[in-house]
Amino acid sequence: MGILVRVVVIGALFGIVTSVADAMSSPFMEWGEPLAGTVWGRGAKVLSLVLGGGWAWAALAVGAGWLARTPGRGALAGALALFAATGAYYWCDSWLGETGGSPFLWWVVGTPMGLLLGLVGTAVRRPGLVGLAAASVVPAGAAAQMILMPPRPHMTVTPGIVVAETLVWAVAVAGAGWAVYRFRTGRSAAADGMRGARGAAAGRNP
């Protein structure tokens, strides 16, 4: 299966899972009403709050670009992933009985964002400061959203909201830690390589 087909499938699955989680977490929808107050309903609420964040959709596009490897395919992969996720989300909403939404506005907004974020995903593979900056985009976005727009659909802070926010913060910290670790190990490997090259040169020229 080609990489672009794979990112379309991944994007579509992401959109479907997000839509189903939304439906199962709402006591006002047919799928969510029987689950209200149950562990399944609470779990769906946490998943809905996590996947509904803009940072998670950005991570989808960055991940698609990372899978595609090259800048051209990475940009296209990021855009296709968001396009597929958006279309699948609204299709699934309609199938589940949620009406009134349209994907077209989000397609217009998401396509250029997907191109840019897909490029960021390919840059994650690069060494040095470029790779560090690219790898920090999703963690920084997650942290910024938790500070500026936390997933709180109502004034009361419920246990589900606390769990969702904790998970997002955990992802942000882990992602930032991985980015810094990868940057430091890359610099150490480069320094070791330079020392080895200098030693070999000195051995050839006593």
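The values are calculated or read from the model by the stated rules, or taken from the named source; none is laboratory data. What you are looking at is a predicted structure, and each value in this text was computed from that prediction instead of being measured. With ideal geometry, Cβ positions are generated from the backbone for all residues, glycine too; neighbour counts draw on all protein chains shown. Side chains are part of the model used for accessible areas, which takes the heavy atoms of the whole protein and leaves out ligands, DNA and RNA. Shrake-Rupley method; radii C 1.70, N 1.55, O 1.52, S 1.80 Å.
Can you pull out the residues in the range 170-184 that are more than 17 Å from Gly63 (Cβ to Cβ) and surrounded by 15 or more Cβ atoms within 10 Å (Cβ to Cβ)?
Of everything in the range 170-184, just one residue is more than 17 Å from Gly63 (Cβ to Cβ) and surrounded by 15 or more Cβ atoms within 10 Å (Cβ to Cβ), namely Phe183.
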Residue pairs meeting the criteria (Cβ under 9 Å; at least 6 apart or on separate chains; first over 16 Å from Val138 (Cα atoms) and in contact (Cβ under 8 Å) with a residue 12 or more places away in the chain, in the range 105-120; second among the acidic types (Asp, Glu) and open to solvent by 90 Å² or more (accessible area, probe 1.4 Å)): none
Subset of the range 146-170 (residues that are of a type in the set (S, T, N, Q) and at pLDDT below 95): Thr156, Thr158
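Can Thr111 be described as under 24 Å from Thr86 (Cα atoms), assigned to a helix (DSSP H, G or I) and open to solvent by less than 40 Å² (accessible area, probe 1.4 Å)?
No, not satisfied.
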Criterion: part of a helix (DSSP H, G or I) and free of Cβ contacts under 8 Å to residues at least 12 places away in the same chain - qualifying residue of Ala140, Ala164, Ala133: Ala133
Extreme residue, most open to solvent (accessible area, probe 1.4 Å), among residues of the range 143-161 that are assigned to a helix (DSSP H, G or I) and touching a helix residue (DSSP H, G or I) at 6+ places or on another chain (Cβ under 9 Å): Pro159
Subset of the range 118-130 that is aliphatic (A, V, I, L, M) and in a helix (DSSP H, G or I) - its residue that is nearest to Ala44 (Cα to Cα): Val120
